[in-house]
Amino acid sequence: EKPKSNILLVPKSSIRVIYGDLGFLPKKVRHFVEEHARLCKPDTIHICDGSERENDLLLYVLQRDNILKRLHKFENCWLAKTDPADVARVERLTYISTHEERDTIPHTKNGARCQLGNWMNPEDMEQELNMRFPNCMKGRTMFVIPYSMGPVGSPLSKIGVQLTDSAYVVASMRIMTRIGSKVVEALGSGPFVKCLHSVGRPLPLTVKLHNNWPCDPKMLIVAHLPEKNEICSYGSSYGGNALLGKKCLALRIGSILGHREGWLAEHMLILGIENTKTKEKRYMVAAFPSACGKTNMAMMKPTLPHIKITCVGDDIAWMRFDDKGQLRAINPENGFFGVAPGTSHKTNPHAMDTIHKNTIFTNVAETSDGGVFWEGLEDEIPEGVKIKSWLGDDDWSPDSRDKTAAHPNSRFCTPASQCPILDPAWESPEGVPIDAIIFGGRRPAGVPLVFESFNWEHGVFIGASMRSEATAAAEHKAKVLMHDPFAMRPFFGYNFGEYLAHWLSFAENPKNKLPKIFHVNWFRKNKDGKFMWPGFGDNCRVLEWVMKRIKDENVAQKTPVGSVPKPGSLDLSGLDEKELDMETLMSTPSDFWENEINAIYKYFDEQVNDDLPSSIMKQLKDLESRVTGG
Ligand code: GTP
Ligand code: SPV
Ligand code: MN
């Protein structure tokens, strides 16, 4: 049944489809579009095909509306500056709505505020959504974005359809996911995740916009309705709030699907590592909280000449054990939405080589020669070039009123295909084989550079007890130590206790080859507050050791916390060993760990409560007796 014309009739008016053809959409998608067009009442509809012609049109509109500015120094690169009130994910307004609260979050002890997600009942959620979405797209175009997370047509991929009234979101989704007609073809009559997004500023405007960036932070909500396979986001156009394929689908909804279907959706990078001396190649995944080094590690330029790193993904991994018991991972994304500050030719040359074409920068500073600037690029801007800060200070200098030139959560959005060290198998439909899982975080004290778990269950416990200093990727104040289990705290789609049980369950199948699990910490500081480990490209020394442990080489020694490298087993060649205090870097001070254990007890007891698997509590008790020697 095809619609008679490319015009959608709504009561008392009609909505013209100005690009694409409703008739080419599968019936279920068309109904989804029609239902929400009637609700949101856009002026026009644009059905995305993913073509170059379409992208030119979007870029034209975004320039005309002063949302994107061309960066003349580079090829097809753009700068967006947001409303300063819309600069990061907003965790406290991100909800998951299910009939049973306990399906989503554990019951906390004594009414403590849950730190493992926000739940809302479906009735209240319906009210919240009804307060926002009716008529919210008046005067605007509603874009329909069919997108695939994972290679189009791969059995591991999932399809979403996002409706949005933001052309910036379309231009970004086009980089971060695979969109357009090829996705519609692959979808056929199959299931898809329904994603609705609005900036929340119908026309005519009733308020003055900042930087021409429409948003409504006071009415912001990011809602997940897993029982209806739906995501609704209102009021923000920034990153994880608005590019619904990323955190909303690939992590929150993804983790629920993974739980149901026997796989894992994780906040992890995926990399390949090759020792060119021994000709061995392995793949690893690593989970670090937001802004704690995934992009940097995924694109690492190793300082050891015989180590070669290749990148599969920098933020999200979907993993499953195949029928031979090998864990395999795919990167569901198509681009990198990376933290700009700190990225430089010194720290991450491969990222620098990726972002000089076809890239959208958001909230970085611009330079008078048509380029970009952020904290960390001080040595890389030409003499005499002026910096305009993200807040608009024309002649910014480190002692200007704007504290930083770029917002600390400013980002680049760039196609993965441009990464010079992209792994040849990065789009392989069956995924790459994973032989090590690495957890980590920003730990200024007490936590060794690297340690290995004694077994799978201990490794799951290490993931569960992760903590890290807060960063600017969300609304939290920096420098506070936060519990961030599996780097998933903001992204769990279902009850964390059940999530732990799901991880533990993979050990029950004797066929599964369980990868070794490690914990790393690049961020330990000395008495003067300086990082003790050089980090970045030198982190390959730790990965080389991990590679040796995958082969069970005798290079580890036990501590109460886990196994650390035997003295001399980390390749430190080329480093100034006088500057390095390896003994302290590997140490596990008992007074520190006694405090840490108490904090974990308190957290598990209060936050996970009855949903904590008993074997995880036993792991904590075992750690305590190893540390106290009792
Ligand atoms: P999300 O995209 O938010 O999930 O973050 P991410 O984990 O990909 O973080 P990213 O790699 O972008 O790192 C963020 C910050 O950590 C940057 O400011 C980096 O400079 C810093 N960083 C990364 N690796 C290292 C390291 O080895 N040592 C030190 N000292 N800093 C690092
Ligand atoms: C993160 O915060 O972990 C990110 C950025 O990767 S965002 O997509 O905005 O969530
Ligand atoms: Mn992330």
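Where a number appears in this text, it was derived from the coordinates with a stated rule and is not lab data. Owing to the predicted nature of the structure, the values given are computational and were not obtained by experimental measurement. Glycine gets a Cβ as well: all are built from the backbone with ideal geometry, and neighbour counts include every protein chain shown.
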Cα shape, segment 105-156, gyration tensor, a/c 1.5 rule: oblate
Antiparallel DSSP beta bridges within the chain, as percent of all bridges there, nearest 5: 65 percent
Cα centre as origin, Lys/Arg/Asp/Glu Cβ charges: segment 57-112 dipole, Debye: 360 debye
On Cα atoms only, tilt of 590-603 relative to the major axis of the chain in degrees: 40 degrees
Rounded to 5, the percent of DSSP beta bridges in segment 70-195 classed as antiparallel: 60 percent
Residue-span extension gain [Asp591 to Lys403] - 0.36 nm each, minus C-alpha spacing: 64.0 nm
Using θ = phi - 60° and Karplus 6.51 cos²θ - 1.76 cosθ + 1.60, couplings along segment 393-398 (whole Hz; Gly, Pro as x): 5, 5, 10, 6, 9, x
Sequence-distant residues sharing a close amide H with Arg411 (under 5 Å, placed H): Ala340, Thr362, Val364
Segment 177-243 versus segment 426-440: alpha-carbon centroid distance in Å: 30 Å
Between helix 540-550 and the chain: long-axis angle, C-alpha atoms, 0 to 90°, nearest 10: 70 degrees
Förster radius 56 Å - calculated FRET efficiency between Asn66 and Val480, Cβ distance, rounded to 0.05: 0.90
Angle in degrees between helix 27-40 and the longest Cα principal axis of the chain, rounded to the nearest 10: 70 degrees
Förster-model FRET efficiency, 51 Å R0, Lys530 and Ser14, C-beta, rounded to 0.05: 0.20
Segment 112-158, dipole about Cα centre (Lys/Arg Cβ +1, Asp/Glu Cβ -1), debye to the nearest 20: 280 debye
10 Å Cβ shell holding at most 12 others, DSSP loop, GluC sites (Glu not before Pro): longest site-free stretch of the chain: 101-382
Neighbour-count ranking [beta-carbon atoms within 10 angstrom, fewest first] of Phe592, Phe492: Phe592, Phe492
DSSP-assigned coil residues among trypsin sites (Lys or Arg not before Pro) in segment 543-630, each with at most 14 further Cβ atoms within 10 Å: Lys551, Lys578
Residues Cys114, Cys413, sorted so that the one with the fewest Cβ neighbours within 10 Å comes first: Cys114, Cys413
The chain, Cα convex hull volume normalised per residue, Å³: 160 Å³
Whichever lysines have a C-alpha closer than 21 Å to that of Lys513, once near sequence neighbours (fewer than 8 apart) are set aside: Lys281, Lys324, Lys548, Lys551
Above-threshold pairs, the threshold being 21 Å between Cα atoms, out of Lys525/Lys558; Lys27/Lys158; Lys527/Lys602; Lys301/Lys346: Lys525/Lys558; Lys527/Lys602
Inter-part distance where segment 560-604 and segment 67-140 are each reduced to a Cα centre, Å: 38 Å
Per-residue ³J(HN,Hα) for segment 458-471, Karplus 6.51 cos²θ - 1.76 cosθ + 1.60, θ = phi - 60°, Hz, x for Gly and Pro: 5, x, 5, 4, 4, x, 5, 9, 4, 9, 7, 5, 4, 10
Sparse-neighbourhood loop sites, trypsin sites (Lys or Arg not before Pro) in segment 503-537 - DSSP loop, at most 10 other Cβ within 10 angstrom: Lys511, Lys527, Lys530
Tail fraction, Cα-Cα pairs, segment 108-259, threshold 28 Å, whole percent: 23 percent
